[in-house]
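Single-structure report; data block below.
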Amino acid sequence: MFIETYYDERAPVPGSTSEPMIPFPELFGEELTVWREYLPMRREINLYSRFNTIPHPAFAEIEKAPRLFDRIEIWSRVDDPMVVGVMGEEKPRYFSIVRWGDAKLTLAQVKRRLWVEKWLLLLTATGGIMGFLVMTLATRAYGG
């Protein structure tokens with residue numbers, strides 16, 4: 001299993017003293033949109049639940065984050081989760097903490113997968129409708 005961590009001890013110091021230093025990259029713009037679409041299942045995680053299925057190396061990265069964020073969520077699809085720190089309620093900001101599973105996928109590869117999935121869904125739906133129409137016409141043509 002591949003684990004990709006985003007923690008950066010060399011994170012820049014914030015411009016104001018009221019804003020905490022966040023050593024994780026912020027997700028915004030197209031990157032945020034793509035990840036939200038690719039990882040549609042979201043839930044807040046409890047780090048200390050005994051039912052936690054987070055791999056130990058990923059858990060070690062997550063333990064660095066709780067005091068920095070209002071909540072920590074896991075965004076996922078089958079076998080491809082990403083942990084995201086969330087700050088704010090009205091206008092939330094999102095920060096990548098760690099990914100595992102298919103973590104080797106680049107943003108470009110994820111965009112390509114989403115494009116293929118959309119086309120497959122469209123083709124499947126079109127094929128189903130066409131099949132239904134053919135069966136309906138065939139049934140009527142043969143007096144069914």
Could you pull out the trypsin sites (Lys or Arg not before Pro) across region 30-114 that fall in loop regions by DSSP (anything but H, G, I, E, B) with no more than 11 other Cβ atoms inside 10 Å?
Arg50, Lys104
Counting other Cβ atoms within 10 Å, keep those with at most 10, restrict to DSSP loop, and tell me which chymotrypsin sites (Phe, Trp or Tyr not before Pro) in region 55-144 are left.
Tyr142
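Computed from the coordinates by the stated procedures, all read-outs in this text should not be read as laboratory data. Everything numeric here is computed off the predicted structure, so don't read it as measured data. Backbone-built Cβ (ideal geometry, glycine too); neighbour counts: all protein chains shown.
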